[in-house]
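What follows is a set of notes on a single structure, which appears directly below.
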Amino acid sequence: MSKIYACIASGENKKDLVAVAQAFAYNIELLDDAVLFDLTGTENLFGNHAETAEKIYEKLQEKNLSGNVSIASNAASALLYARNKRGVSIVAPFPDASSNLPLGTLGIDPDTLAVFHALGLKTTDDLSQISENDLVARYGLEFRDTLDLAKNSGNYILTPNLKENKVAWKTTHDFTVADFERLVFILTNGLGKVLDQTKYFGFSSECLRVELGLEDRSTKSYEIKLSFPTLDKKFWLNLINLRIADDPPASEIVSVRLVAYFSPPRSVQRGLFAATKPEPENLQLTVDKIKNLLGKENVGVPVLLDRRLPKPFALDAERLPTGAENLKPEESKPVLSLHYFNPPLAADVTADKGRLLYLRTRRFAGKVKEYGGFWKGFSQWWNPLLRWHTREWDVELEDKSLYRLQKNSRGWFVIGEYD
């Protein structure tokens, strides 16, 4: 595959010039007076070299920007012609090339340039008439770089220097997509491209956004966030399929856009004595399948609530679990956790003058050694359904087991055990 480079030289706002370049390529180098980018492999998207150059120039005009555009087979020539030739330049060896520049554009020192002018050598075409060996013998080996530049074979290397944080891919169709299998085919194609670009930049991704343009001119968006980065194409495709199947678009699809957000690659170290753990990709797919079966609101990460409720926690379906390796070390303190019985255990309680003496259930029984309480069981006094209507005690039996005891309008119950 032959290399193709493009360059826009302009004094306009750099951000605007970069936006034009990003419409054609991802590998972009921003310079003080120009934007250089790699177009290799884009012929099927934008046409041949001449058509691509015209499209870049038209894009500049659409944004009311002025500048010179060049297309060349190497980065050095693209830079040279964009900086020194007005309008659109096609550089040899491409057909219809305009490859003649004043010698002063090659960076030749003034004394040598004056000698060339005295000899009638004023352009790169004139210089090509002189034997290269004679010129190198006269001006030294470093003059070889100048001759290479004149012959459009310079050795400048494009170095992408934009701090990208995402890559995007989009396709628009003249027909609507109503068949799920066809949509999967389109997503597979686009997903491969954005993941390959992400890998090319040296990143991975833990967040992917899918935007479906619909026939009714609305947009259906899906944002998939993971707790780990991965470039596994099959895994991402399965997740997208599950999300779309769970919440399908309201009408037929006319465009598809994929955005992959960058994150550092995942470091994996495996050893002979390493503990066996499930792959995070498999675990995430399992969780998404469970969400499809039970509903998103019934699957999530438990979150404690700062309220006195019977079960003071909720499930956050959007929150991601934090791995043990990411937890900050903290001073450990002894804590008690309450294991709820579902349903609560019916209990018989013996009391004398307000003191708890004996507790019996179908699973255990014993004398009450110590107890604390009582506490009212609900804190939302403004809610008619959750007003104060229960009393609770923490009780320790003679075998040192700890339980939460509750009394309500239906009687006595043991609602949980402390671990």
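The values are calculated or read from the model by the stated rules, or taken from the named source; none is laboratory data. In this text, all values refer to a predicted model and were calculated from it rather than measured experimentally. When we count neighbours, we look across all protein chains shown, and the Cβ atoms used for this are built from the backbone with ideal geometry, even at glycine.
A few remarks follow.
- Of all residues in segment 260-291, those satisfying the criterion of being modelled with pLDDT under 75 and either charged (D, E, K, R) or under 26 Å from ASN189 (Cβ atoms) (or both) are ARG266, ARG270, LYS277, GLU279, PRO280, GLU281, ASN282, GLN284, LEU285.
- In summary, ASN64 fulfils each of the numbered conditions (1) of a type in the set (S, T, N, Q); (2) surrounded by fewer than 24 Cβ atoms within 10 Å (Cβ to Cβ); (3) under 19 Å from ASP148 (Cβ atoms) with the single exception of condition (3).
- Being assigned by TED's automatic domain parsing to the domain that holds LEU30, crowded, with 19+ Cβ neighbours inside 10 Å, touching a Ser or Thr at 6+ places or on another chain (Cβ under 9 Å) and more than 11 Å from ALA6 (Cα to Cα) is a description that applies to LEU103.
- Exactly one residue among LYS15, LYS55 is part of a helix (DSSP H, G or I), within 22 Å of ALA97 (Cβ to Cβ) and not small (Gly, Ala, Ser), and that residue is LYS55.
- Of the residues making up segment 196-214, at least one is more than 25 Å from LEU315 (Cα to Cα), touching a Leu at 6+ places or on another chain (Cβ under 6 Å) and modelled with pLDDT under 90.
- Meets criteria (under 19 Å from PRO160 (Cα atoms), touching a residue at least 60 places away in the same chain (Cβ under 8 Å) and not in a loop (DSSP other than H, G, I, E, B)) for LEU36: yes
- Residues located in segment 177-197, provided they are over 15 Å from VAL259 (Cβ atoms), in contact with a helix residue (DSSP H, G or I) (Cβ under 7 Å, 6 or more places away or on another chain) and either part of a loop (DSSP other than H, G, I, E, B) or of a type in the set (A, V, I, L, M, F, W, C) (or both): VAL177, VAL184
- So ALA6, is it in a helix (DSSP H, G or I), under 27 Å from ASP148 (Cα atoms) and touching a strand residue (DSSP E or B) at 6+ places or on another chain (Cβ under 7 Å): no
- Odd one out for ILE224 among (1) over 24 Å from VAL167 (Cα atoms); (2) modelled with pLDDT of 85 or more; (3) hydrophobic (A, V, I, L, M, F, W, C): (1)
- Residue among ILE130, ILE186 that alone is outside the structural domain of LEU237 (by TED's automatic domain parsing) and modelled with pLDDT of 85 or more: ILE130
- If you filter segment 198-245 down to residues that are out of contact with any strand residue (DSSP E or B) (no Cβ under 8 Å at 6 or more places or on another chain) and assigned to a loop (DSSP other than H, G, I, E, B), you find that the one that is surrounded by the most Cβ atoms within 10 Å (Cβ to Cβ) is ASP232.
- Residue identified as of a type outside the set (Phe, Trp, Tyr), under 30 Å from LYS199 (Cβ atoms), touching a residue at least 24 places away in the same chain (Cβ under 8 Å) and not assigned by TED's automatic domain parsing to the domain that holds LEU212 among ALA92, ALA72: ALA72
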